[in-house]
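These notes concern the structure reproduced below.
The values are calculated or read from the model by the stated rules, or taken from the named source; none is laboratory data. Predicted, not measured: the structure shown is a model, and the values here were computed from it. Every residue, glycine among them, receives a Cβ derived from its backbone with ideal geometry; neighbour counts consider all protein chains shown. Ligands, DNA and RNA are excluded from the accessible area calculation, which covers all protein heavy atoms including side chains. Shrake-Rupley method; radii C 1.70, N 1.55, O 1.52, S 1.80 Å.
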Amino acid sequence: MGKCFQEYSKHHGEVHRGSDIMSAKEVVQKIYGIIQDNTRGEQAVYLDLLEAYNPSYDDLNKHLKHSDAAEETMKEMHLFRTEGNNFVLCDWADEKRQAYVQSKAQEDNGDLTALDKAHFLRYRFEQDKSTSEYLEQWDTDELQDVCEGLTEATGDETYLKMIGVDTSLFEFTED
């Protein structure tokens, strides 16, 4: 918890949720929520690996040890693959990842994770297909959190643009 507050203090008054600056009270509530929830599933491990420079299979194993995520589930979700001795972290454009996401989206009870939804919408966005009907159906708070994480990890603001966040309001500065 101390690390969270330490990091927040570096950015006090500059922390955004969407286009709004979060109050200190909102940030503290979010930090407590994260600590109380304390579950780190496949989505969290994927985002951590995405932020790493040239992640390896060893990096995956290190993250899995400190999470509730399962390697087999991540494989089934096509979040990574191994090619010989090479570890490949898949993105929204990976054929097998997209086939998995498209298949889940077509199921009646398609239990898509927020990350699945983000990758599904990214594909539709890149294909100039409408995303609005899905955005109306899905919980956009969780989706926005994931898209913010993807944007932060990749530096690609398309994840925010595709869900309708006005990125011109953000100023990304490097310290």
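Between Ser103 and Glu142, the simple spin-label model (points 7 angstrom out along Cα→Cβ) gives 2.2 nm. Taking amide hydrogens as placed 1.01 Å from N in the peptide plane, the amide H of His16 sits under 5 Å from those of Met22, each at least 5 positions away in sequence or on another chain. Remark: relative contact order (the chain) = 17 percent; criterion is Cα-Cα distance under 8 angstrom and separation of 6 or more residues.
Of all the Cα-Cα pairs you can form in segment 40-90, what percent are over 19 Å apart?
Numbers: 153 of 1275 pairs.
For segment 40-90, the fraction of Cα-Cα distances above 19 Å is 12 percent.
Ligands, DNA and RNA are left out, and with a 1.4 angstrom probe the accessible area of segment 91-166 is 53 Å² per residue. For Val45, the accessible surface of its heavy atoms amounts to roughly 0 Å² (probe 1.4 Å, protein chains only, rounded to the nearest 10). When Rg and the Kirkwood radius Rh are both evaluated on Cα atoms of segment 42-123, their ratio Rg/Rh stands at 0.96.
Close amide H pairs (under 5 Å, H built 1.01 Å from N) link Ala70 with Glu42, residues at least 5 positions away or on another chain. Sorted into 5 angstrom bins from 0, the C-alpha pair distances of segment 91-166 split as 3, 17, 29, 29, 17, 4, 1 percent.
Set against the 2.2 N^0.38 Å expectation for a compact globular protein, the chain has a Cα radius of gyration ratio of 1.07. For Arg17, project a label point 7 Å along Cα to C-beta. Then give me every residue of segment 112-145 with its amide nitrogen under 17 Å of that point. Within reach of a label on Arg17, which here means backbone N under 17 Å from a point 7 Å along Cα→Cβ, segment 112-145 contributes 139-145. Taking the protein heavy atoms of segment 40-90 in the context of the full set of protein chains, the accessible area attributed to carbon and sulfur is 43 percent at 1.4 Å.
From the protein chains alone at 1.4 Å, what is the descending order of accessible area for His11, His119, largest first? Show your work: numbers first, answer last.
On the way: His11 55, His119 0 Å².
Largest accessible area first, the list is His11, His119.
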